Amino acid sequence: MHFDKAKAPFSLPKLPYADDALAPVVSANTISFHHGKHHATYIKVLNELIAGTPDEALTLAEIVARSAADKSPTARKIFNNAAQAWNHSFYWHSMTPKGSVPAGKLKDALDKSFGGVDGFKKAFTAAAVGHFGSGWAWLVKGKDGALVIETTANADTPIAHGGTPLLVADVWEHAYYLDFQNRRPDHIAAWLDKLVNWSFAEENLG
Ligand code: MN3
């Protein structure tokens with residue numbers, strides 16, 4: 001992915017669709033805050049934190065991995081902003097206005113791991129809705145190749161733990177509050193029905 005290659009200073013990646021393309025599930029108003037303010041701020045703060053440091057020679061994913069292993073307060077700030085920058089880029093690509101269905105080896109893997117797409121949706125919904133507070137719900141390829149669902153809190157991300165993410169839903173309230181208020185279950189149901197970018201997930205399966 002393009003954002004895997006970039007180095008500092010990082011810039012806000014363009015969305016892979018128009019800002020009203022995901023409406024009504026994700027409105028242009030939500031996108032204007034979520035992409036234009038939240039995502040932009042993570043990138044701005046990250047650039048400020050790493051200016052003049054060795055992190056400037058690293059890609060975003062490399063900064064996430066380096067700072068994940070460093071428990072100093074400065075590294076925690078760098079981790080939070082770098083991971084949020086990476087997670088949001090991954091999130092925008094996890095959605096498409098075009099509608100898609102799982103195909104090929106991804107469909108086979110979903111059948112094997114969840115007994116089919118409906119089984120995946122049920123398990124993903126339970127994880128995303130059941131996650132307490134801010135965070136992310138992921139479909140991840142585990143080390144043994146099986147697909148698993150994980151949630152991470154706040155900025156945490158599977159790429160800090162050696163995982164290979166295929167797909168992510170943002171379950172921070174800023175992702176859905178303007179459109180669904182407190183109704184995270186309704187947002188996740190609509191997100192799974194209308195917006196999932198299965199071709200992106202298949203590409204990430206490798
Ligand atoms: Mn977000």
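Surface composition of the stretch 51-206: carbon and sulfur make up 54 percent of the accessible area, probe 1.4 Å. Surface calculation, 1.4 Å probe, protein heavy atoms: LYS141 sits at approximately 60 Å² accessible. The largest accessible area among PHE200, PHE33 belongs to the first residue in PHE33, PHE200, and the rest follow in falling order (1.4 Å probe, all chains).
Suppose every Lys and Arg Cβ carries +1 and every Asp and Glu Cβ carries -1, with no other charges. What dipole size does the stretch 1-105 come out with about its Cα centre, to the nearest 20 debye?
140
The lysine pair count for the stretch 104-205, using Cα distances under 17 Å and pairs eight or more places apart or on different chains, is 12.
At a probe radius of 1.4 angstrom, the accessible area of the chain per residue rounds to 46 square angstrom. Since only VAL45, ASN197, ASN182 are under comparison, the one whose Cα sits farthest along the positive direction of the charge dipole of the chain, derived from C-beta charges on Lys, Arg, Asp and Glu, is VAL45. Relative contact order for the stretch 1-126: 26 percent, from Cα pairs under 8 Å spaced at least 6 residues apart, divided by residue count. Ranked from largest to smallest solvent-accessible area, with a 1.4 Å probe on the protein heavy atoms, HIS131, HIS88 come out as HIS131, HIS88.
At the residue level, PHE180 shows approximately 30 square angstrom of accessible surface with a 1.4 angstrom probe and all protein chains present. Model label sites at SER72 and SER27, defined 7 Å from Cα along the beta-carbon direction, differ in position by 4.5 nm. Magnitude of the charge dipole for the chain, about its Cα centre and with charges confined to Cβ atoms of Lys, Arg (+1) and Asp, Glu (-1), is about 100 debye. Using heavy atoms of the protein chains and a probe of 1.4 Å, the accessible area assigned to VAL101 is about 120 Å².
The values are calculated or read from the model by the stated rules, or taken from the named source; none is laboratory data. As the structure is a computational prediction, the values presented were derived from the model and not from experiment. Glycine gets a Cβ as well: all are built from the backbone with ideal geometry, and neighbour counts include every protein chain shown. Remember, those area values only see protein heavy atoms, side chains included, never the ligands or the DNA or RNA. Shrake-Rupley method; radii C 1.70, N 1.55, O 1.52, S 1.80 Å.
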